[in-house]
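The values are calculated or read from the model by the stated rules, or taken from the named source; none is laboratory data. Small disclaimer: the values here were computed from a predicted structure and weren't measured. Cβ placement follows ideal geometry from the backbone for every residue including glycine, while neighbour counts extend to all protein chains displayed.
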Amino acid sequence: MGLEISRVHAKLDIQTTPSRLDIQTRKAKLEFRNKRERVDVRTELPRVIIDQSECFASMGLMKPVDLTRQEGQWSMQHALTYASKVSGDGDSVAAIENPQDPMPDIVERDTYPEREFVLDFIPKARPRINVTGGVQINTEKNAEGTSNRVQATYTPPEIRIDHKASQVRIRMAQYPSIRMRYVPGRFNKYV
């Protein structure tokens, strides 16, 4: 007895079409027509002037004159605050009508001063930015009128984009199969 097995492999048919991108452009056009033309163009290249003195001043990096002025103001404010505190302490000590002694409170306040911690970023000020330069255009008019008979035609730019997406077509060209059949009269003696 014999057993015949035959098989057919699967086959795929893959067809691909690549994508395509076509771009067509037309530049903008500006056409002038006039009888007489005279244009004077004066250009000054742009200059950017950046003043960072306020940025450096906010970080403590300033000119000696500005630093002296700032430190003087801070010292004056600190002196006035200290004089006000000492004056208030003297007034509370001199107030004999209060039965409670103010000295322990004053000593405790000065022994453990309150500290304030703040997260800060520098620079605090922005730089001053000035831009100079530009274009001056002067047109000379003729005796025929103010418009100088100028006709302008503007054609805007145009862009055409045509895109065709890629395509992939997959189909089964041959389906897989297995065929088994029994053939009588054939057999193998050896097992």
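What are the residues in the range 57-103 that are over 30 Å from Pro127 (Cα atoms) and among the acidic types (Asp, Glu), if any?
Matches in the range 57-103: Asp89, Asp91, Glu97, Asp101.
Hey, among Val65, Val48, which residue is on the phi < 0 side of the Ramachandran plot, of a type outside the set (D, E, K, R) and touching a strand residue (DSSP E or B) at 6+ places or on another chain (Cβ under 7 Å)?
Val48
Between a residue in the range 114-126 that is free of Cβ contacts under 8 Å to residues at least 40 places away in the same chain and not assigned by TED's automatic domain parsing to the domain that holds Met59 and any residue that is among the hydrophobic types (A, V, I, L, M, F, W, C) and part of a loop (DSSP other than H, G, I, E, B), which pairs come within a Cβ distance under 8 Å, given they are 6 or more apart or on different chains?
Between residues of the range 114-126 that are free of Cβ contacts under 8 Å to residues at least 40 places away in the same chain and not assigned by TED's automatic domain parsing to the domain that holds Met59 and residues that are among the hydrophobic types (A, V, I, L, M, F, W, C) and part of a loop (DSSP other than H, G, I, E, B), there is no close pair.
State all residues of the range 128-184 that are at pLDDT 85 or above and part of a loop (DSSP other than H, G, I, E, B); if no residue qualifies, say none.
Pro156, Pro157, Ala165, Ser166, Tyr175, Pro176
All but one of (1) free of Cβ contacts under 8 Å to residues at least 60 places away in the same chain; (2) part of a strand (DSSP E or B) hold for Val65; state the number of the condition that does not hold.
Against the list (1) free of Cβ contacts under 8 Å to residues at least 60 places away in the same chain; (2) part of a strand (DSSP E or B), Val65 comes up short only on (2).
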